[in-house]
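Let me begin by presenting the structure, written as structure tokens, before commenting on it.
Values in this text are rule-based calculations from the coordinates and carry no lab data. Computed from a predicted structure; not experimentally measured. Using ideal geometry, Cβ is built from the backbone for each residue, glycine included, and neighbour counts are taken over all protein chains shown.
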Number of protein chains: 2
Amino acid sequence: MRLRELPEWQKLAQCAARMSRDETHLKYLTADAQRLNEFSLKGGGLFYDFSRQRVDKKTMEHLFDLGRALRIDGQFRAMTQGERINVTENRAALHTASRDFTNRPIIMDGRDVTLEIKALGKKIKCFADDVHEKRIVGSTGKPFRHIVVIGIGGSHFGTEFVAKALEMFGTPGMSIHFLSSLDSYHFEKIVSSIDPEAALWVVISKSFKTVETLANARLAKEFMKQKVPDCDAHFVSITAAKDTENDFGPPDQSFHMFDFIGGRYSVTSAAGGVPLSLFLGHDIFQRFLKGAHDMDLHAQNAPLDKNIPLIAALISVWNTVFLKYGALGIIPYAAPLSGLCPHIRQLHMESVGKSADIDGAMMDEPAGTVVFGEPGTNAQHSFFQLAHQGKPFPMEFIGIIKPWHQTYSGSCHGVSNHQELWANLIAQPIALAQGRPNHDPARSFSGNRPSSTIIIDELSPETIGGLLSFYEAKTVYEAFLWRVNPFDQFGVESGKKTASGIRDEIRRRNEKKEGGHLEIHRPETGAIEKFYMDMLFQGE
Amino acid sequence: MRLRELPEWQKLAQCAARMSRDETHLKYLTADAQRLNEFSLKGGGLFYDFSRQRVDKKTMEHLFDLGRALRIDGQFRAMTQGERINVTENRAALHTASRDFTNRPIIMDGRDVTLEIKALGKKIKCFADDVHEKRIVGSTGKPFRHIVVIGIGGSHFGTEFVAKALEMFGTPGMSIHFLSSLDSYHFEKIVSSIDPEAALWVVISKSFKTVETLANARLAKEFMKQKVPDCDAHFVSITAAKDTENDFGPPDQSFHMFDFIGGRYSVTSAAGGVPLSLFLGHDIFQRFLKGAHDMDLHAQNAPLDKNIPLIAALISVWNTVFLKYGALGIIPYAAPLSGLCPHIRQLHMESVGKSADIDGAMMDEPAGTVVFGEPGTNAQHSFFQLAHQGKPFPMEFIGIIKPWHQTYSGSCHGVSNHQELWANLIAQPIALAQGRPNHDPARSFSGNRPSSTIIIDELSPETIGGLLSFYEAKTVYEAFLWRVNPFDQFGVESGKKTASGIRDEIRRRNEKKEGGHLEIHRPETGAIEKFYMDMLFQGE
């Protein structure tokens, strides 16, 4: 199937031509008193306003038709029921099952996987409770006060987002650190701020083959061996590699990663569950899961034209394919949400950035877009010049009605800091959409720059769970619309293979170094590789 | 002048057609043994390799012709000599003068401004030395140990980049914090980690009209009043607003911001100089300035076809305009460079993101591109799926030959962590350029994805100064190529004006709240504004 040949696709191309005319400028669309009412929705714990997107009713109808033609809602339900929709790896994608509170069984290969998920959840709860109640302590008897998570990519960004967002709910006295970078400077910074006797290292690696995680875990083990008597007690592992799980931590401190939950969707499984239960407490983690589950139910059951993540996905494809924007900005007006954008950047760019479709055919054009962002109002002082007057790109604004209870509340010009944040959150999408003409082109604003606004009631475990699930569902729906597999990531393999050859050569040079022989053994090492390796070795 | 009508522009459009043919795929271009030699340069303290960009000799010649036709080298020199090239604001742009060690005078309005710059530098040195040698201490007699910088945008990102990059050179026992966000949660986090009696607050605001900075500075003052007897002694201000400078700190703790240095170019002036001299010591800051000056001399004097920032600017315009890429990724393979990308994002997007040209005419297309990034290898585990197989975008890789002296050095597979970082730094541009065909489209890599590689010898004040100056010069050259003014930012005004109206309305509601009257006074407050304001007030 070629997307371009679908009649729904062609109708949308016609819509794009109409929506590019002067009379469909957002300043006219948003002047309609019914606009906000008709282009906004409530559901799954959040409010979604797409009235400042460059769509009209007709466009939305054709977008819904496209969604129907591609049966994306059916695919989403199939995913939640355990079908092997990760076709290239012949796996299910059951992140929604990791927070399912409905007690319905999900049968895979003749077994109900929800039983395994529940057993694992219980093990996590017991372990976290034991740590908090000091039944499990460090080998010198000190209670654990520092969680150091060793993991990269999908074992890092999502969990750090949630830990930052819900930090105020953290277990008193407990700190959390994320060791992801290969640069040992990162390791030094972390160990200089913790007491090794009170440190619990959580090593997360599905295969125990990820170089960064393995190198950091070994460095941590060497470090701990010198600091505490029985260093094994200070390690926890989260892995699917059963044979090596004893390398890091005792068996009752090893937690299973299911092959049916991919890294970037694993925040609500053990990869996020162990560190977050340790940092936040298991009750807070359960509330977070419930928030995610509520949004899952909405994403799964709401009709196509009332389904918030589905509509957000339709609009994302519309903006990228039909209106040809080159990036998406995500701007949360709340400092605790500073980890949201790095997580969504991976989630989206790794899930949708593909050039082969689900039939295994090369697509006409590669899919995906660049996602970037920064909390507001800092973002305004960083890149809103481009947003208002330069090359345009769509944005998603995120606001929180009730701020976290604050000891100090600033004010300026008769409004509180939180109200000032909101004045900007309200103003920016309007200014972007409507523009502001001026006889001087340098001071003139063309407007017609699209955005959505997402509002949650307060900063709570439930709303952060909902926000996570919203973006997961949006991403999956968007991949279904592009007809790509959101759950594989073969795109990272080519660089890995090239790096592996260079690493072999560096190792050979290391071995030869003492004898003074530096020679290239592999004829396939080209001139560029050799040039840079020489540069590296001259510095040593 | 219309860029599209220039013969040089039209020739480049023809080059783009040629460079899009199969036979000009990067896998063929990079197979040439002379490629690296001919498409790389050394200068200003760094090595720049553009051999993996989609250019051939002919393209480069036409790019140089474009640079010559637009006289961008002459404009750059005019800038360093104090001409008022910020035409919309009738100002000079003399950030290079803030680190000029040549002793040549720069005459503006009949006076030599280098004398003022030197006098200010001396004042900064004296103050920083007095703080370090404990001649200036807190009002209860404690030496200052915490620098809290209050500033946003141009008064924040650049200084934070340098502070993070050179943290290992920091004055022992001194910590630095950046308070930028309006969200009071950010304020709470900072004050919970400092001793108020040892805290020195550095308030940076050109006009003292920036709402975020004013609100945070007032909050800080209220806080400090309750904690120490003479709180003025704990404040420093950096401003051009002479009349209000006494509001925060005594006169000898007030430092002048020149109107001829814009916020995002102000790291080497007082805005960066005061906090960085306090944090790093004045000697380290001087070495940083010298590194920037060395690159300035290269950027100013190297011939067009040997000029590294100029060539980087030509390639950026080539990629954006002629090859139509929608974003630029910046990937430093060094954890201490984590602040580089947020700084360059502002520097580039605010300088180039314009729709009016320097003649004051509307351009055919708005200028600029999205800049984003993350240190490697973390970036590989975040968005390199899109980079290799999805919608392509160019990248700039940055490597450091000698790592910072490390207490702990990990290893894996027989290579050190630093060597592993380099294996990836070498491998990624090759894999992106050459591709890796496979009969299975899901595992096939089309290649032909462009990147540059920038190498510095070591992490030092000089090399970080050089890197900062490289990106400043690249950005300015790029703006000259687009024919936009890199020094104004009227694009942020529209949102500010809309926010101001909403703030007025919120204030009125606050005043009426006690009486129970909530009414809209301003007829121009539209339905959308009212809807969101109601939402906010229902939460209060």
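Around residue A:535, under 13 Å between beta carbons, what's the net of Lys plus Arg minus Asp minus Glu among the other residues?
That sum, taken over residues with Cβ under 13 Å, equals -2.
Counting only residues 5 or more places away or on other chains, whose amide H sits under 5 Å from the amide H of residue A:255 once H atoms are built in the peptide plane?
Those lying under 5 Å, H to H, from residue A:255 are A:237, A:238, A:239.
For residue A:107, which inter-copy label distances result when the label point lies 7 Å beyond Cα on the Cα-to-Cβ vector, reported in nm to one decimal and in ascending order?
Distances between equivalent label points, in nm: 9.3.
Summing -39500 (n - 2.57) over the DSSP H runs of n ≥ 4 in the protein assembly as shown and dividing by its residue number, what mean residue ellipticity at 222 nm do you reach, to the nearest 500 deg cm²/dmol?
Dividing the helical sum by the residues of the protein assembly as shown leaves -13500 deg cm²/dmol.
What's the extension gain from residue B:4 to residue B:90 if we count 0.36 nm per residue and subtract their Cα-Cα distance?
Result: 28.2 nm gained on full extension.
Could you give the C-alpha radius of gyration of segment A:108-287 expressed as a fraction of 2.2 N^0.38 Å, taking N as the number of residues it contains?
0.95
Label-point separation (nm) for residue B:458 and residue A:512, each offset 7 Å from Cα along Cα-to-Cβ?
In this crude spin-label approximation the distance works out to 2.7 nm.
For segment B:340-347, just list the computed ³J(HN,Hα) in residue order, Karplus coefficients 6.51, -1.76 and 1.60, θ = phi - 60°, integers in Hz, with x standing in for Gly and Pro.
These are the phi-based 3J(HN,Hα) values: 4, 5, x, 5, 5, 4, 5, 3 Hz.
Provide the per-residue ³J(HN,Hα) series for segment A:326-331, in order, calculated from phi with Karplus coefficients 6.51, -1.76, 1.60 and θ = phi - 60°, each as a whole number of Hz, with x at glycine and proline positions.
Taking θ as phi minus 60°, the curve returns x, 6, 10, x, 10, 10 Hz for segment A:326-331.
Label the protein assembly as shown by shape, choosing from rounded, prolate and oblate, from the square roots a ≥ b ≥ c of the eigenvalues of the Cα gyration tensor; if a/c is under 1.5 it is rounded, and otherwise prolate applies when a/b is larger than b/c, oblate when it is not.
Judged from the Cα gyration tensor, the protein assembly as shown comes out rounded (a/c under 1.5).
From the label point of residue B:31, set 7 Å from Cα along Cα→Cβ, how far away are the matching label points in the other copies, in nm, ordered shortest to longest?
Between copies, matching label points for residue B:31 lie 6.0 nm apart.
Figure the gain on full extension for residue B:20 and residue B:500 (residue separation times 0.36 nm, minus the Cα-Cα span) and round it to one decimal in nm.
168.0 nm
Hey, with R₀ at 25 Å, roughly what FRET efficiency would residue B:112 and residue B:77 work out to, going by the Cβ-Cβ distance, to 0.05?
0.85
Whose Cβ in chain A comes nearest the axis that rotates A onto B, and by how many Å?
For the rotation taking chain A to chain B, the closest Cβ gives A:326, 1.
Hey, what did segment A:338-433 get for relative contact order, percent, Cα under 8 Å, at least 6 apart?
Relative contact order of segment A:338-433: 22 percent.
Listed here are the pairs A:496/B:306; A:11/B:324; A:206/A:474; B:142/B:227; A:134/A:290; which of them are more than 23 Å apart at the Cα?
Distance filter (> 23 Å) returns A:496/B:306; A:11/B:324; A:206/A:474; A:134/A:290.
Can you tell me the FRET efficiency between residue A:535 and residue B:58 if r is taken as the Cβ-Cβ distance and R0 is 41 Å, rounded to the nearest 0.05?
0.90
List the trypsin sites (Lys or Arg not before Pro) within segment A:123-174 that DSSP assigns to loop and that have no more than 13 neighbouring Cβ atoms inside 10 Å.
Answer in residue order: A:134, A:135.
Counting other Cβ atoms within 10 Å, keep those with at most 15, restrict to DSSP loop, and tell me which chymotrypsin sites (Phe, Trp or Tyr not before Pro) in segment A:371-438 are left.
The qualifying sites are A:408.
Convert each backbone phi in segment A:69-84 into a coupling constant with the Karplus relation 6.51 cos²θ - 1.76 cosθ + 1.60 (shift: θ = phi - 60°), then list the ³J(HN,Hα) values in order as whole Hz, x for Gly and Pro.
4, 8, 6, 6, 5, x, 5, 5, 5, 4, 4, 5, 9, x, 5, 7
So who's got an amide H within less than 5 Å of the one on residue A:266, skipping anything under 5 residues away but keeping other chains? H placed 1.01 Å off N, in plane.
none
Amide H neighbours of residue B:176 under 5 Å, counting only residues 5+ apart in sequence or on other chains, H built in-plane at 1.01 Å?
B:147
Using alpha-carbon positions, what is the distance between the centroids of segment A:145-179 and segment A:17-58, in Å?
38 Å
Inter-copy label distances at residue B:134, 7 Å along the Cα→beta-carbon direction, one decimal in nm, shortest first?
3.7
From the square roots a ≥ b ≥ c of the eigenvalues of the alpha-carbon gyration tensor of chain B, which class results: rounded (a/c under 1.5), prolate (a/b over b/c), or oblate?
Because a/c hits 1.5 or more and a/b exceeds b/c, chain B counts as prolate.
Could you line up B:219, A:278, B:297 from fewest to most neighbouring Cβ atoms inside 10 Å?
B:297, B:219, A:278
Please give me the summed charge of the neighbours of residue B:337: other residues whose Cβ is under 10 Å from its Cβ, Lys and Arg +1, Asp and Glu -1.
Taking every other residue near residue B:337 into account, the sum is 0.
Kindly work out what percent of the DSSP beta bridges joining two residues of the protein assembly as shown are antiparallel, to the nearest 5.
Approximately 30 percent, going by the DSSP bridge assignments.
Considering only DSSP states other than H, G, I, E and B, which GluC sites (Glu not before Pro) in segment A:448-502 qualify as loop sites with at most 16 other Cβ atoms within 10 Å?
In loop regions of segment A:448-502 (DSSP not H, G, I, E or B), there are no sparsely surrounded GluC sites (Glu not before Pro).
If you restrict to DSSP beta bridges whose two residues both lie in chain B, what percentage is antiparallel, to the nearest 5?
Of the beta bridges lying entirely in chain B, close to 30 percent run antiparallel.
Please find the FRET efficiency linking residue A:283 to residue B:42, where r is the Cβ-Cβ separation and R0 is fixed at 60 Å, and quote it to the nearest 0.05.
So the FRET efficiency works out to roughly 0.50.
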